[in-house]
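Input: a single structure, listed below in structure tokens.
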Amino acid sequence: MGKRQHQKDKLYLTYTEWTTLYGGKVSGERTTEEEDAFKRLPFDHCCVSLQPWEVPYCDQNGNIFDLQAIIPFLKKFKINPVTGKPLEMKSLIKLNFHRNAENEIHCPVLFKTLTKHSHIAVIGVTGNVYSMEAVEQLNIKNRNWKDLIDDSPFERKDIIVLQDPNNLVKFNITKFHHVKNNLRVETEDELADKSDPTARLKSMNPETKYTLEELNRDYKEPTIELNKKVITEKADKFNAAHYSTGKVAASFTSTVMETQLVHEPAIIHEDLVRYERVKKKGYVRLLTNFGPLNLELYCDAVPKTCENFIKHCASGYYNGSKFHRSIRNFMIQGGDPTNSGKGGKSIWGNKFEDEFKQNLSHTGRGVLSMANSGPNTNGSQFFITYRSCKHLDRKHTIFGKVVGGMETLTEMEKIEVDNKDRPIEDIILIRAQVFVDPYEEADEQLNKEREEELKKKKEEEQAKKAKIQAQRSLTVYKNGVGKYINPNINKSKSSGVGDAEPDKKKKKADSLKLLSKASTLVITGLAILCVGASVKAYYIEYDTFLGDQYFSAANLLMAIGIIIFIIAFFGCCGAIKDNYCMLITFSTLLILVFILQLSAGIAGYALRGQTVDFLSSELMQSMSHYNTTNGTQVTIMWDTIQPEFTCCGVHNGTDWVTQLHTNNETVPMSCCSHIYGSIGFAECTLESENIHHVGCLKAFGDYIKSHALTIGGVGIGFAVVQLLGIVFACHLSRQFKMNYANM
């Protein structure tokens, strides 16, 4: 107001107006481009989903994650979403935030609300979250390294800072590793959208929308496969139709089909071939909770419907199902495993066609017929009539009738029903029993006929080949008797016949086999020689007790080894030179050696049973020569055997008293165990503590018996090996003789 009210109305903007009203200058310091792009994540949000967390966990850097978001991320990428370094789930720490009455996060010690400006820390051992002020005042300054709530001990390094108002770099979303590299776990909706081609379409006009709906409704996947191997099934006598496949005519006018020049009969469906052999009726019993129903099935008239019913009964498909519909003076319906009246499938999985016959009608009580929802929609449901229903003819397939259990059907008809014709009391089909299944008989008959047909064709082919072979003209090689015999057969290579070369190769291969056998015999001879020498060297110490018959087996083995070593020379020379005489000599000597080896084996086995009796007499006789002038060898032998076998006497120590006629019951010192460290004179009596109480007969006899069995076993084993060599040598000798005769 007044005369100065317009003195500030100037024709230009002043500095104050420019800076305050029109944005000509921004107050404060200028920010960098990085600071302008800073996007802060609140501390109560997950670093992966960027949404408020529900079950918080943190890493060693104080980055907070929600459990539901971090688990799938770690399973897929196995890295820290913020830093990009490797991270495992077990290294994460569960956070325990505390809330006040207003459901705000606060410090459980100072009760201060924790906001985006608060300094927040967590104890890594317990996961309890506090204000940093409480941790500094009550833990760090007082050196109290125990949790403020549950007194759990921790160290300074276990204090993890979740939020520092003066350092908010870790809350910058643009610096997160998974944000910069676009690492994310797809949700279920996103996975579903990938399979939906219209998911990315944000908007579309009505024409496009209608076109896509029509495409989804009417589209069918192509049934033609490229480069598909076509396996054509050939018709046989039983499934061949009287008409052809039509491929010859179709390929003549088509530019796509391969050219077919041979007419092939069409193949009749296998079920139709089987049904032609079904000539009997089937019989089934339905056991219900009201009694049994015996059914006769018209398998010879309506085979497909009856097979569907019989297979369902045999597999237990109807077991436990209910009759879900019953109308008095009309019919009762069942066969639906779902008990809803809308379920049930055929044995083929799809609906099958009706089978109407002029001679089958819904006349009388107990007619068995198929339930359907229209023409050719038969499944598994069936019904049984309570009275004649001729209006159902040619609408429902009749395939049987009740031949037993009419009183059961009457009881079922008396059950009351509700307004939807459902029986109030359950009528349950407990079990179905198949008594006569004509389809199994038809399958067996068809398989038998096919086997006979294959056998017949095979015989005809063999007869045809034999006839062709018989009609073939014979080649005449010369005049007179034997003019059809080829004189060049079995000739040598010099005659120019090609068959001589394979015979030569075969003879050479046989010679190499015999040479390897002869080499084996050389090794066998050396082995037998070593075994016999080893046995004799080992038993020579006991020659005082053992007679010459025990060393005859060992001597025989040594002789056989030397003979075999010499015989191997004839085998090697005969195989290399293809000499018939050497091979015969080799075979004869092998037979002789085989007889000798068999004798050695039998001798060893026979002596096995006589060892104990023989030793008993020999030992008793030798005891009388103990410690005499002429019995030095006997004394040494007894003093060797008794310590070695820990025995005394033949049966026990009393044998020495009897044989030596000692009055003070003294026995040889070898009957007692040696006492180490003893000084002075010592004697061994029957009452000595260290005397051997076991007789030498049993110990020494068992020892000799076991080794006699070894000698016999070795001899028999080598004899079996040589028997194979004898057979092979004789066979090769015979071949050489035949070759000499032909030449």
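Assorted remarks:
- Hey, Ala314 at pLDDT below 95, among the small types (Gly, Ala, Ser) and closer than 19 Å to Thr363 by Cα or not: no
- Residue match in the range 603-613 (condition: part of a helix (DSSP H, G or I), at pLDDT 70 or above, surrounded by 14 or more Cβ atoms within 10 Å (Cβ to Cβ) and in contact with a helix residue (DSSP H, G or I) (Cβ under 9 Å, 6 or more places away or on another chain)): no
- Whenever a residue of the range 633-645 is on the phi > 0 side of the Ramachandran plot, it has no partner that is open to solvent by less than 20 Å² (accessible area, probe 1.4 Å) and not in a helix (DSSP H, G or I) lying with C-beta atoms less than 7 angstrom away and at least six residues away or across chains.
- Scanning the range 317-366 for residues that are among the hydroxyl-bearing types (Ser, Thr, Tyr) and buried (at least 18 other Cβ atoms within 10 Å of the Cβ) yields Tyr317, Tyr318, Ser321, Ser326, Ser346.
- Selection within the range 172-193 - under 15 Å from Asn80 (Cβ atoms) and not β-branched (Val, Ile, Thr): Lys175, Phe176, His177, His178, Lys180, Asn181, Leu183, Arg184
- All positions within the range 251-295 that are part of a helix (DSSP H, G or I) and open to solvent by less than 80 Å² (accessible area, probe 1.4 Å): Ser251, Glu270, Asp271, Val273, Arg274, Tyr275
- Residue count for the range 183-211 under the criterion of being charged (D, E, K, R), surrounded by 12 or more Cβ atoms within 10 Å (Cβ to Cβ) and more than 28 Å from Ala69 (Cα to Cα): the result is 1.
- Note on the range 296-316: residues that are part of a loop (DSSP other than H, G, I, E, B) and open to solvent by 10 Å² or more (accessible area, probe 1.4 Å) total 4.
- Enumeration of residues in the range 352-370 that are in a strand (DSSP E or B) and of a type in the set (Gly, Ala, Ser): Ser369
- Looking at Asn144, Asn128, Asn205, Asn139, just one residue is over 30 Å from Phe38 (Cβ atoms), modelled with pLDDT of 85 or more and touching a helix residue (DSSP H, G or I) at 6+ places or on another chain (Cβ under 8 Å), and that residue is Asn144.
- Just so you know, in the range 590-602 the residues that are modelled with pLDDT of 70 or more and open to solvent by 50 Å² or more (accessible area, probe 1.4 Å) include one that is nearest to Pro668 (Cα to Cα), and it is Ile602.
- Answer from Lys536, Lys506, Lys483 - the residue that is farther than 30 Å from Leu619 by Cα, surrounded by 11 or more Cβ atoms within 10 Å (Cβ to Cβ), modelled with pLDDT under 70 and of a type outside the set (Ser, Thr, Tyr): Lys506
- Hey, Ser678 among the polar types (S, T, N, Q), out of contact with any Leu (no Cβ under 9 Å at 6 or more places or on another chain), part of a loop (DSSP other than H, G, I, E, B) and at pLDDT below 75 or not: yes
- The residues in the range 141-163 that are open to solvent by less than 40 Å² (accessible area, probe 1.4 Å) and in contact with a Lys or Arg (Cβ under 9 Å, 6 or more places away or on another chain) can be counted, and the count is 3.
The values are calculated or read from the model by the stated rules, or taken from the named source; none is laboratory data. In this text, all values refer to a predicted model and were calculated from it rather than measured experimentally. With ideal geometry, Cβ positions are generated from the backbone for all residues, glycine too; neighbour counts draw on all protein chains shown. Please note that ligands, DNA and RNA were not included when accessible areas were found on the heavy atoms of the full protein model with its side chains. Shrake-Rupley method; radii C 1.70, N 1.55, O 1.52, S 1.80 Å.
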